[in-house]
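Okay, structure first, notes after.
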């Protein structure tokens, strides 16, 4: 769902590897994709019997650059979690992170080129489902010679994708780590995302998806969508500690200068938290394609594990040896109750399940921030 | 903060009574207002010693029409709380509800006429503070011959105004009822409101506040702002019960038809909760002026009881005989902790205080919905 935007520097936007999807690639809600590709990065080495692979799905906005590598030395979005001796230990595991199908960092999506026309797909890109993101990620692994995952892992949207993976691809993952995802979007989350999408689509620069380039796209609408996203990824408690009612500081003032051209003096940023939102949004708007955002946002609304059957039966069929479900008590976007429900269904399915309730105050984004707690939960689960 | 929009039918928009403010009316953050007026409605009769008056402030969006009366028989926004034998008993009390200074339902504000130009004030209206709303409300009471209130009462923005009232006008109220307000906006609430304002100001139809009429104003931006407001006035739990993941129904489909002209098929409302938001927003956009919205929204950010002095000392000076603070556990906009803080400061001030923690699931809006609980708290406090 979130990008730790420190991790999406422009240098990261060029994908390290590209895998071709089978063509045509049949889509979950009908239709198919021709000549589709998925961008990915990898760390560590596949062992002789191809039994040590971990597939990592991302939140809504990151690239596949989860950690640094010789090919891209910039820190990744989960740098402290992936590497030699890290919780996701690349001395022992072959770790692959994919850019989601439908995203704009090297994978096929509304911003990529439609091979039939030579132009960007835009809204002619077929509707994608979370299940398609999962299945496309699996195709990357197949292309690398993997026949079964040691673990499928994902936070936020990635957590939803990981559930879709075990539902769609029984027997293909021995372990599941689901972090701050959901088995079915709540009305509350759908409502928030619908407002974000409306902000994008209400911006005249969206031009019904036909903007000429991201730089000429619906930046004002994307800025609003991202600010609202940022609010829902954190918590009131964190912000009370972090910003309270402090006035805008020097960094915020730079953001405020940019805003000042857009709004009258009295309505520009006055509080520190407003400057923070502005800085977060500017960065996002610069790199993320609006149509891709709409597609991925809607896909999150539509996933529902129950559409695969009785959830505990679906999970029993998945063939998991063990599962780890992590939730954050201060997450009000994907609530701890939703995580508890997933863990409960895994229990019902007879899967040995650890449910880690994190008391972090950073809300939905805690997996990017409160790393020691996540390390402590993930490391032993992966045998470290 | 919220309007129960059932209560803002067009018939209600014509104010029943208008009181002139002293002119010039000095404003809290500097400057003054000439020829200002406040719209109000009243119920019951002032007794011989003028000791039975209750002043009610509203949330951000309602009119002064809190209850029906012979002059306007439409139900008001707090119809079940105000009347003969009701919790706010008009057999015993003279009850006055004011339309906030800065609002657009008869009181002076950005949408009213600047007497110097004969045109709407728009952004030339001076900045107003919550303190000004409080003091303007008091001037209405003075004009009616009241020298001291039996109680000052307010929910949401009205709760903030009620606190400002006792801080600015010591000795003028014997009792305080503060409902789901705050002594100082949280960073989280400021962030949410800043995004709402940005949605309005990013709409090209806002024209830097110079739209010709509300019908030609920033409707798309106001729609987004109101949808986000509606999300924050309720709770995820209520919506899980109320909407879950149900598809859009017949009523929502009508809303969806309207949306369909604005967005491509796949991104229009699919879920029941989206249709609900659409219906709420359409109604609001039709009646509420965008510039007034911006002014009142910013005023809420800026109130801070500590700017009046050490809070417990400010409250001790207020001369209150008793206070009732009501908070809702599921309110994530004005959290229960913020209500507890107000009650704690009143305790410190030596004011006999009742703190009612409501277990309602309707969030910030519970005062409009879960009326039996609010009746049970308010009725005994007002001697009923």
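The values are calculated or read from the model by the stated rules, or taken from the named source; none is laboratory data. Remember, predicted model here, so these are calculated numbers, not experimental data. Please note: Cβ atoms are built from the backbone with ideal geometry, for glycine as well, and neighbour counts cover all protein chains shown.
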Original post:
Quick one: which of A:199, A:236, A:244, A:187 is at the interface with chain B (Cβ under 7 Å from one of its Cβ atoms) and on the phi > 0 side of the Ramachandran plot?
Top reply: A:244
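Residue by residue, here is whether (1) over 21 Å from the mean Cα position of the chain (by Cα); (2) outside any loop (DSSP other than H, G, I, E, B); (3) at pLDDT below 95 holds:
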{"residue": "A:12", "(1), (2), (3)": "no, yes, yes"}
{"residue": "A:39", "(1), (2), (3)": "no, yes, no"}
{"residue": "A:46", "(1), (2), (3)": "yes, no, no"}
{"residue": "A:51", "(1), (2), (3)": "yes, no, no"}
{"residue": "A:101", "(1), (2), (3)": "no, no, no"}
{"residue": "A:107", "(1), (2), (3)": "no, no, no"}
Original post:
Going by the conditions given, is residue A:354 surrounded by fewer than 22 Cβ atoms within 10 Å (Cβ to Cβ) and assigned to a helix (DSSP H, G or I)?
Top reply: no
Subject >> Test: residue B:162 is closer than 25 Å to residue B:233 by Cβ, in contact with a helix residue (DSSP H, G or I) (Cβ under 6 Å, 6 or more places away or on another chain) and either at pLDDT below 95 or in a helix (DSSP H, G or I) (or both) >> reply: no
**OP:** Could you look through region A:202-218, keep only residues that are within 21 Å of residue B:221 (Cβ to Cβ) and in a helix (DSSP H, G or I), and pick out the one that is farthest from the other protein chains (Cβ to nearest Cβ)?
**Re:** A:216
**OP:** Quick one: count up the residues across region B:303-343 that are within 14 Å of chain A (Cβ to nearest Cβ), crowded, with 17+ Cβ neighbours inside 10 Å and farther than 18 Å from residue B:166 by Cβ.
**Re:** 6
**OP:** Test residue B:96 against the stated conditions and say whether it is in contact with a helix residue (DSSP H, G or I) (Cβ under 8 Å, 6 or more places away or on another chain), in the same structural domain as residue B:350 (by TED's automatic domain parsing) and assigned to a strand (DSSP E or B).
**Re:** yes
Original post:
Of the residues that make up region B:280-292, is at least one surrounded by fewer than 17 Cβ atoms within 10 Å (Cβ to Cβ) and either within 28 Å of the chain's Cα centre (by Cα) or modelled with pLDDT under 85 (or both)?
Top reply: yes
Original post:
Residues A:356, A:377: which one is away from chain B (no Cβ under 14 Å), closer than 24 Å to residue A:149 by Cβ and in contact with a helix residue (DSSP H, G or I) (Cβ under 9 Å, 6 or more places away or on another chain)?
Top reply: A:356
Original post:
In region A:219-275, which helices (runs of 4 or more DSSP H) lie fully inside it and hold 1 or more residues that are at pLDDT 75 or above?
Top reply: A:219-233, A:236-242
**OP:** Please go through region B:189-212 and pick out each residue that is over 23 Å from residue B:119 (Cβ atoms) and without any contact (Cβ under 8 Å) to a residue 40 or more places away in the chain.
**Re:** B:191, B:195, B:198, B:199, B:202
**OP:** Name the single residue, out of those in region B:270-279 being surrounded by fewer than 24 Cβ atoms within 10 Å (Cβ to Cβ) and facing another protein chain (nearest Cβ under 8 Å), that is nearest to residue A:123 (Cα to Cα).
**Re:** B:270
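Here is a yes/no grid of residues against (1) surrounded by fewer than 20 Cβ atoms within 10 Å (Cβ to Cβ); (2) in the same structural domain as residue A:343 (by TED's automatic domain parsing); (3) under 30 Å from residue A:96 (Cα atoms):
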| residue | (1), (2), (3) |
| --- | --- |
| A:142 | yes, yes, yes |
| A:147 | yes, yes, yes |
| A:164 | no, yes, yes |
| A:171 | yes, yes, yes |
| A:202 | no, no, no |
| A:245 | yes, no, no |
| A:249 | yes, no, no |
Subject >> Among the residues listed as A:118, A:109, A:59, the single one being in the same structural domain as residue A:333 (by TED's automatic domain parsing), touching a residue at least 60 places away in the same chain (Cβ under 8 Å) and over 18 Å from residue A:178 (Cβ atoms) >> reply: A:109
Original post:
Could you say whether any residue in region B:315-329 is under 30 Å from residue A:195 (Cα atoms), in a loop (DSSP other than H, G, I, E, B) and in the same structural domain as residue B:209 (by TED's automatic domain parsing)?
Top reply: no
